[in-house]
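**Student:** Just dropping this structure here.
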């Protein structure tokens with residue numbers, strides 16, 4: 001399979017995984033609070049488990065060469081020299097020890113993210129696409145808010161500004177609005 005086909009398959013794995021995330025991983029209930037809160041790490045760990053499960057169950061189709069990594073610290077790695085800031089993306093799909101088989105890098109943020117947080121994530125995605133030979137980048141936004149459509153438009157605009165130079169088939173902006181529903185691609 002080509003990198004483009006592998007990336008497409010990974011996007012399907014990710015969308016399949018989002019449909020399995022239950023409410024308490026989507027927004028964490030907290031004792032003493034009426035409204036549950038977004039906790040990116042809780043969401044990402046659950047997402048990671050479901051993606052890994054999909055990859056293991058579909059090894060014959062997806063291939064068993066790729067490894068899913070969560071928050072892999074690139075300190076001391078050659079990429080660290082290429083990027084100005086420390087980079088530790090939420091998810092990467094690659095063949096460890098190889099630079100020619102870097103399939104996907106993903107950042108995840110709740111809909112409530114600040115402009116500064118969004119910029120940091122987009123800088124990381126840009127670095128991995130342009131300097132670390134990753135084929136594709138995914139920005140996954142999850143959650144709802146009173147002004148969700150307007151807020152998500154900010155993610156769309158900023159993603160286009162930071163990653164618009166790359167081929168459309170290499171960048172995906174995905175919105176996972178509600179628990180136990182599949183996320184959908186908004187820009188790809």
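The values are calculated or read from the model by the stated rules, or taken from the named source; none is laboratory data. In this text the structure is predicted, and so the values were computed from the model without any measurement. Please note: Cβ atoms are built from the backbone with ideal geometry, for glycine as well, and neighbour counts cover all protein chains shown.
**Student:** Any residue in the stretch 154-168 that's closer than 14 Å to residue 119 by Cα: show its pairings with residues that are exposed (fewer than 11 other Cβ atoms within 10 Å of the Cβ) at Cβ separation under 8 Å, as long as the two are six or more apart or on different chains.
**Tutor:** These pairs meet every condition: 154/115; 158/115.
**Student:** Quick one: which of 109, 178, 115 is over 16 Å from the mean Cα position of the chain (by Cα) and closer than 22 Å to residue 48 by Cβ?
**Tutor:** Every option except 178 fails the conditions.
**Student:** Name every residue in the stretch 4-55 that is over 22 Å from residue 185 (Cβ atoms) and in a loop (DSSP other than H, G, I, E, B), in order of residue number.
**Tutor:** Across the stretch 4-55, the qualifying residues are 22, 27, 29, 30, 31, 32, 33, 34, 35, 36, 39.
Yes or no, residue by residue, for (1) touching a helix residue (DSSP H, G or I) at 6+ places or on another chain (Cβ under 6 Å); (2) modelled with pLDDT of 95 or more; (3) buried (at least 20 other Cβ atoms within 10 Å of the Cβ):
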| position | (1), (2), (3) |
| --- | --- |
| 59 | no, no, no |
| 69 | no, no, no |
| 83 | yes, no, no |
| 88 | no, no, no |
| 105 | yes, yes, yes |
| 124 | no, no, yes |
| 147 | no, no, no |
| 150 | no, no, no |
